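Comments concern the structure below.
The values are calculated or read from the model by the stated rules, or taken from the named source; none is laboratory data. Note that the structure is a prediction, hence the values are computed from the model and not measured. Heads up, the Cβs are rebuilt from the backbone with ideal geometry, glycines too, and the neighbour counts pull from every protein chain shown. These accessible areas exclude ligands, DNA and RNA; they are computed on the full protein's heavy atoms, side chains included. Shrake-Rupley method; radii C 1.70, N 1.55, O 1.52, S 1.80 Å.
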Amino acid sequence: MMIPVRSVLGMGDIPSHRASAVSWLCRHGLTIHQIKGNGGLRDVVLLSDLPKSERLAFLARRAEAMGLPIGTHDDAAHVALAAKPVTIQNSAYARAETMMFVAKHRAAGLTPGHIARLLRAEATKAGTNILDASRVTLGRWSERIAGIDPINWAPALVFCT
């Protein structure tokens, strides 16, 4: 899952200035990618490449931004996720991001059809990590995360199709 460098500024040991953060990320072995965004190129990194404390801080910040309770971190589940290939990790993080989006809109009282339209529109935006998934797929993912704290949704959605 690609995340903008600006979204991790000041998180954990990452400096709060963009240029300093890019240098810090490079020193820690992360590859800085550039994608097209509004107004030009944006620096992004893979969420799975971030050090553990910064990755968990990002997930907690995303859950809070969506108005969800963070919950209790399951260290064993996140260690198991980190042992998976990067492509599987990124897929799990994108699924968790999608379910946070859905949960936020469900809590606001939107109908499933309205949520599906919003999800489709959000998934088409450049640089987003939201996935356009069918109602059936969203239902399966919802079953997988039922009773699990939002901070642990990515490990729960690893091999869920």
Could you please report the charge total around Leu118, scoring K, R as +1 and D, E as -1 over all other residues with beta-carbon less than 15 angstrom from its beta-carbon? +3
Expressed in nm to one decimal, what extension gain is obtained for the pair Ser53 and Ala82 from 0.36 nm per residue of sequence separation less their Cα-Cα distance? 9.2 nm
I want to check the label-to-label distance for Ala146 and Arg120. Put each point 7 Å from Cα in the C-beta direction and report it in nm to one decimal. 2.7
Counting Lys +1, Arg +1, Asp -1, Glu -1, what net charge surrounds Ser16 among other residues with beta carbon under 14 Å of its beta carbon? +1
Of Leu25, Leu9, ordered by accessible area with the largest first and a 1.4 Å probe, the sequence is Leu9, Leu25
Rounded to whole Å, give me the distance from the Cα center of the stretch 1-57 to that of the stretch 68-133. 19
At 1.4 Å probe radius, can you tell me the per residue accessible area of the chain in Å²? 51
Given the protein chains as shown and a 1.4 Å probe, how many square angstrom of Glu143 are accessible, to the nearest 10? 140
Ordering Arg55, Arg120 by accessible area with a probe of 1.4 Å, largest first, what comes out? Arg120, Arg55
Give me the log10 of I(q) over I(0) for the chain at q = 0.15, 0.18 Å⁻¹, as the Debye formula computes it from C-alpha points; what are the numbers? -0.83, -1.17
Please report the carbon-and-sulfur percent of the accessible area for the stretch 1-137; probe 1.4 Å, protein heavy atoms only, DNA, RNA and ligands left out. 54
Helix-only [θ] at 222 nm, the chain, -39500 (n - 2.57) per DSSP H run of 4+, per residue, nearest 500, equals -15500 deg cm²/dmol
